[in-house]
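The values are calculated or read from the model by the stated rules, or taken from the named source; none is laboratory data. What you see is a predicted model; the values in this text were computed from it and never measured. Ideal geometry is used to build each Cβ from the backbone, glycine not excepted, and the neighbour counts take in all protein chains shown.
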Amino acid sequence: MSFKSFQDWDEVKFVKKEKSKKNLTQNAPGTKQFKKLEGDEMPPKLEKYTQEQVNDLMELRKIKNYTQQDLARYLNIDVSIIKAIENKTATYNKSLYTKLINTLMKVKTKETNI
């Protein structure tokens, strides 16, 4: 008696199917896909802070004797944001800019310990 006679299993073979090759030709002019690609435009360039805005912010901050760290701590934001604004690398944010200017206008001048 062999063990094979008690098993009712059929032999199973796994065969890998060949992948079909995709069409690598360019879409012909006039097709929907071609028009979609042709109509795509570059996204608008994001605005940066102007030199005038940066100068106003820095001047107000210096008049009030606030460092970048002090101002960031007062507004509960990261100091890197203020550094980026003053270096003109930050993207313009109108609400943040008005918040910075309004805060500096309202806050009392910080006394320095000399």
Worksheet entry | Residue list for segment 49-65, filter: part of a helix (DSSP H, G or I) and of a type in the set (D, E, K, R) | 52, 56, 59, 61, 62
Worksheet item: Going by the conditions given, is residue 17 in a loop (DSSP other than H, G, I, E, B) and either surrounded by 10 or more Cβ atoms within 10 Å (Cβ to Cβ) or modelled with pLDDT of 65 or more (or both)?
Response: yes
Discussion item. Restricting to segment 85-104, count the residues that are within 19 Å of the chain's Cα centre (by Cα) and surrounded by fewer than 14 Cβ atoms within 10 Å (Cβ to Cβ).
Written reply: 6
Practice prompt. Provide a single number: the residues in segment 70-114 that are out of contact with any strand residue (DSSP E or B) (no Cβ under 9 Å at 6 or more places or on another chain), basic (Lys, Arg) and not in a helix (DSSP H, G or I).
Written response: 2
Worksheet item: Considering segment 44-70 alone, what residues qualify as being surrounded by 11 or more Cβ atoms within 10 Å (Cβ to Cβ) and among the polar types (S, T, N, Q)?
Response: 50, 53, 55, 65, 67, 68, 69
